[in-house]
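The values are calculated or read from the model by the stated rules, or taken from the named source; none is laboratory data. Predicted model, so just to flag it, every value in this text is computed and none were measured. As a convention, Cβ positions derive from the backbone with ideal geometry for all residues, glycine included, and neighbour counts pool all protein chains shown. Calculation scope for accessible area: heavy atoms of the full protein, side chains included, ligands and nucleic acids excluded. Shrake-Rupley method; radii C 1.70, N 1.55, O 1.52, S 1.80 Å.
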Amino acid sequence: MSRRTTRLGYLGTVLVLAVLLVLFGQPYLFCMLQLLLALGITQAVCIRRDARRLHFTVCGPGSCRAGEDMLLTLRPCYTGRLLAAQYALVQMEVCNDMLSASRRYELMVPLYEGAAAELRVPAAACGGVSVRCIGMQVWDMLSLSCAQAPLPETIYTMVWPRTAKVRLEPQLDTVGAAQWEGAAQNRRGSDIGEVYDFREYVPGDDVRGIHWKISCKNEHLFLREASDPVHYEAALLADLGLARHEGQITLAELNGAAALMMALGQQILRRGQHFCLLYPAGHGLVRHLIRSEEELLRRLPGWLGEPLPAQAGLGLQLFCAAHLEQCFTRLIIVSAGPYEQNLQLVQQYTGISVVCAAQQEQPVYTTLSPTCEMAVLPADLQSPEGFRVIC
C-alpha cells in the first residue's frame, strides 16, 4: 500500500467518524475520533524527534574503471531509541563532473540496528564522480508522517579510463626549434644555477638540497630540484568536447580518448622522455610537466574532474593563442571522434601527431604532411597487438 493511499485512508476515516458523530452523537464515536487524532499527532511529534537524532553515512569506492559498477552503501546511525521512525526515503544524485551529467536515484533505507542499503551505479563514463544526497525523508511505521533528516556529506569517486595498448614509433621529420618559454620547456637536470621545482624530501635524498625556508613554512621538508633549460619537451593535448561541428560525440569515443591519453602518457614516459600535459579549463589552458608515471597519475584526476568544453577544438585554439607551437618539438593531440581542426598553421612550427578514438572497426592511418600524422582508432581499443602511433 502506498504512502498516499495510507494517508487518504486515515483522513477518510477521520471524516467519516466526524460525520457519524454529528449525526448520531454516540460517545464511543467521539472516543474513536479522539484516538485517531491523538495517533496522528503522536506520530508527527515522534517522527520529528527521531529525525533530529538520525544521521547517515554514504560509503563508496575510492576509484573504479569505466564500464564497472560503483557500489554505494548508505548506513543510518542514531543515538538513543527511535520511537516512530520505520524507514527513510533517500534521493541521491550521482554527477559526472567531466561530462556535467547527473542521474538521480531513490533508495529506501530500513531503520533498525545494523541496517544498510546498497545501490549499484554503472560507471559508464570516466571522470570525477560526486555522490550527494539531495533529500532525506524519515517516515513512521504507518506512513502517516514524515520529517527531513540531516543530509550526509558528499563523497567523490574517480572513474579511471580502461587500459589501452599502444606502441610508439618515432617521427623522423621535425620542424622548428623550441624557444625558451619558462618552466614548460624545462626538465629536471643538474644545472644548479636554476631551480626547476620543489618536491617533498624522502629518505636517501641529499640534505644539502633542502630548501629550509619553504620547509619551515609548510612544516615538511622540501627539496630543490635543479633544471636543464636546454632540453625541450613534447606536449600531450587533450582536445575533447561534448560535441563537434558535424554531430555529437558518443560516450564510447570519450572513454576511448581518455584511455588513449593515459596510455600515450605512460608510453612516452617509458620511452625515457618527459612531456607537458595540456587540457582546457574554465580559466584557460592548464599545463603540467610530467616526469614520472606517479606524477601522471597525480595530475590526471585534475583533468578528469574538469568539465569538458561544449565544443571540441578549444584546446588547440588556446594552444595557438598562447603561441605554444613555438615551444615544443612535438604536439600530440588526442581527440574524441574525427578531428576537425585546421592544423596547417601549427605544423609550420612543430611536428604533430593526432590520435582519435572514433566509432569504427579498423584503425586508419593518414600522413597529412611530412611532419603531421593522424591515427583514427576504434573507440573500443580492442586489439591484442595494440595500436601504432607515430610521434
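Give me the extension gain from residue 100 to residue 298: residue separation times 0.36 nm, minus the current Cα-Cα distance, reported in nm with one decimal. All intermediate terms of the calculation are to be shown ahead of the outcome.
Values: separation 198, 0.36 × 198 = 71.28 nm, distance 2.18 nm.
Here the segment from residue 100 to residue 298 would lengthen by 69.1 nm.
For residue 41, what accessible area in Å² do you get when you roll a 1.4 Å probe over the heavy atoms of the protein chains, rounding to the nearest 10?
110 Å²
Between residue 385 and residue 73, what is the spin-label point distance in nm, taking each point 7 Å from the Cα along the Cα→C-beta axis?
Label at residue 385, label at residue 73, 4.6 nm between them.
If I take R0 = 45 Å and measure r between the Cβ atoms of residue 32 and residue 93 in this structure, what FRET efficiency does the formula 1/(1 + (r/R0)^6) give, to the nearest 0.05?
Working: r = 44 Å, r/R0 = 0.98.
That gives a FRET efficiency of 0.55.
As a test of the formula, what do you get for the chain when each DSSP H run with n ≥ 4 contributes -39,500 (n - 2.57) and the sum is divided by the residue count, at 222 nm and rounded to the nearest 500 deg cm²/dmol? Walk me through the numbers on the way to the answer.
Numbers: 6 runs with 96 residues, N = 391.
Mean residue ellipticity, 222 nm, calculated: -8000 deg cm²/dmol.
Can you tell me the FRET efficiency between residue 345 and residue 53 if r is taken as the Cβ-Cβ distance and R0 is 41 Å, rounded to the nearest 0.05? Kindly include the intermediate steps, with their values, before the conclusion.
Values: r = 66 Å, r/R0 = 1.61.
After rounding to 0.05, the efficiency reads 0.05.
Compute the acute angle (0 to 90°) between the alpha-carbon long axis of helix 251-270 and the principal axis of greatest extent of the alpha-carbon atoms of the chain; round to the nearest 10°.
50 degrees
Give the relative contact order (percent, whole number) for the chain; include only Cα pairs under 8 Å separated by 6+ residues. Working shown, then result.
Working: 854 pairs, mean separation 60.3, N = 391.
Across the chain, relative contact order equals 15 percent.
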